[in-house]
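Novice: Before anything else, here's the structure in question.
Since every read-out is calculated from the coordinates, none of them should be taken as a lab result. Note that the structure is a prediction, hence the values are computed from the model and not measured. Glycine gets a Cβ as well: all are built from the backbone with ideal geometry, and neighbour counts include every protein chain shown.
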Amino acid sequence: MKIIAMIPARYAASRFPGKLMQELAGKPVILRTYETAVKTNLFDDVFVVTDSDTIYNTITNNGGKAIMSKKEHECGSDRIAEAVENMDVDIVFNIQGDEPFTPKEGLEQLLTVFKNDVTKEIDLATIMAEITKEEDIKDPNFVKVVCDNRNFALYFSRSPIPYPREKNVGVAYYEHKGVYAFRKTALMDFYNLPMLPLEASEKIECIRYLEYGKKIKMIVDNSSGIEIDTPEDLERAQKEWK
């Protein structure tokens, strides 16, 4: 089973333009993320996939591997799918370029999902973490997920799900974290299938897999990391790196 990691990296970012090229402890954020992925020793290969000459040159000039996108893409999965279309691989990890603290333990759990899936029932696996603050549960920037009793995803939403009509049943709320592992076949199906109304409404790409009947295995990983979306996040990351 050949396993690779792909790090989609757009230069533009609405909340923090050029964030991936901001310095984190002496190196650009995207280079830190790439080096962290390589150092896990979990993957046969690691690539940054980008639309930016600046990011491409930063990775390759530091001995890394990068691929330039040929098309414009709305989401990271499409960018990765284009890059791996002609590669002979089985499992593709999507690691977010703005998360240089992505923990190895969560990646190992995703890898174990596929190693144990002898019937190839699972199309992709991804991570969720419990959230308890009411403001986070209500915040549309926190994508929530609900699962069946085997931890297969039923639905993702920016709304609070489940709705707490009865508050004393002890239900837990989970945020979807942006680290994925795909079977290549499922990723290419995503790339070639049109967006349907639920995904278009919520702007959550995982919903496309569900709308077309794919099976998504959710893994609980409550380890904390820092996603660099704002200058304040970068400041926190500087302190954490030290």
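Novice: In whole angstrom, note down how far apart the Cα centers of region 1-79 and region 91-109 are.
Specialist: Using only Cα atoms, the two centres lie 12 Å from each other.
Novice: Could you check which residue among A129, A13, A153 shows the biggest mean-square fluctuation in a GNM of the chain with a 10 Å Cα cutoff?
Specialist: Residue with maximal mean-square fluctuation among A129, A13, A153: A13.
Novice: Okay, next question. Just to be sure I understand: with springs between alpha-carbon atoms less than 10 Å apart, which residue in D53, D45, D136 has the highest mean-square fluctuation in the Gaussian network model of the chain?
Specialist: Between D53, D45, D136, it is D53 that shows the largest mean-square fluctuation.
Novice: Next question. Quick one: if you stick a label point 7 Å off each Cα along the C-beta vector at K104 and E240, how many nm between them?
Specialist: Output for this residue pair reads 1.8 nm.
Novice: Further question: Using a Cα-Cα cut-off of under 28 Å, which lysines could be cross-linked to K138, ignoring same-chain neighbours fewer than 8 residues away?
Specialist: Those lysines meeting the cut-off are K19, K167, K177, K203, K214, K215, K217.
Novice: Could you work out [θ]222 nm for the chain from helices alone, using -39500 (n - 2.57) per DSSP H run of at least four and dividing by all its residues? Round to the nearest 500 deg cm²/dmol. List each step's numbers first, then the result.
Specialist: Working: 9 runs with 77 residues, N = 242.
Here the helix-only value at 222 nm equals -9000 deg cm²/dmol.
Novice: Give me the Debye-computed log₁₀ of I(q)/I(0) at q = 0.14, 0.18, 0.29, 0.30 Å⁻¹ for region 182-223, equal point scatterers on Cα only, no solvent, two decimals.
Specialist: For the requested q values the scattering log ratios are -0.35, -0.55, -1.04, -1.08.
Novice: Cut-off 10 angstrom, C-alpha nodes, Gaussian network model of the chain. Which of K120, K104, K167 fluctuates the most?
Specialist: With Cα springs under 10 Å in the chain, the top fluctuation among K120, K104, K167 is at K167.
Novice: Can you tell me the Rg and Dmax of region 38-180, counting just the alpha carbons, in angstroms?
Specialist: My reading of the Cα-based Rg and Dmax gives 17.8, 57 Å.
Novice: Excluding residues on the same chain fewer than 8 positions from K70, give the aspartates and glutamates whose Cα lies under 16 Å from its Cα.
Specialist: Reachable aspartates and glutamates: D51, D53, D78, E82, E85.
Novice: Loop only by DSSP, 15 or fewer other Cβ within 10 Å of the Cβ. Give me the GluC sites (Glu not before Pro) in region 86-189 that pass, ordered by residue number.
Specialist: Numbers: sites: E105, E108, E121, E130, E134, E135, E166, E175; in loops: E121, E166.
Loop-located and lightly packed - E121, E166.
Novice: Each residue of region 39-45 in order: what ³J(HN,Hα) in whole Hz does its phi give by Karplus 6.51 cos²θ - 1.76 cosθ + 1.60, θ = phi - 60°, with x for Gly and Pro?
Specialist: Ordered by residue, 3J(HN,Hα) equals 5, 5, 6, 9, 10, 6, 7 Hz.
Novice: Percentage of Cα-Cα pair distances in the chain greater than 30 Å, rounded to whole percent? Can you show the working numbers first?
Specialist: Working: 6879 of 29161 pairs.
Roughly 24 percent, once rounded to a whole number.
Novice: Mind listing which chymotrypsin sites (Phe, Trp or Tyr not before Pro) in region 196-242 are in a DSSP loop and have 16 or fewer other Cβ atoms within 10 Å?
Specialist: Values: sites: Y209, Y212, W241; in loops: Y212.
Qualifying residues, ordered by number: Y212.
Novice: Throw me the Rg/Rh for region 1-94, computed over C-alpha atoms with Kirkwood Rh, two decimals. Mind dumping the intermediate values first?
Specialist: Details: Rg = 12.8 Å, Rh = 13.5 Å.
My calculation puts Rg/Rh at 0.95.
Novice: Something else now. Report, largest value first, the span of the C-alpha coordinates of region 81-165 along each principal axis, in whole Å.
Specialist: Cα extents, longest axis first: 47, 32, 26 Å.
Novice: Leaving out same-chain residues fewer than 8 places away, which aspartates and glutamates sit with a Cα under 20 Å from that of K242?
Specialist: Here the aspartates and glutamates satisfying the reach criterion relative to K242 are E23, E35, D98, E99, E227, D229, E232, D233.
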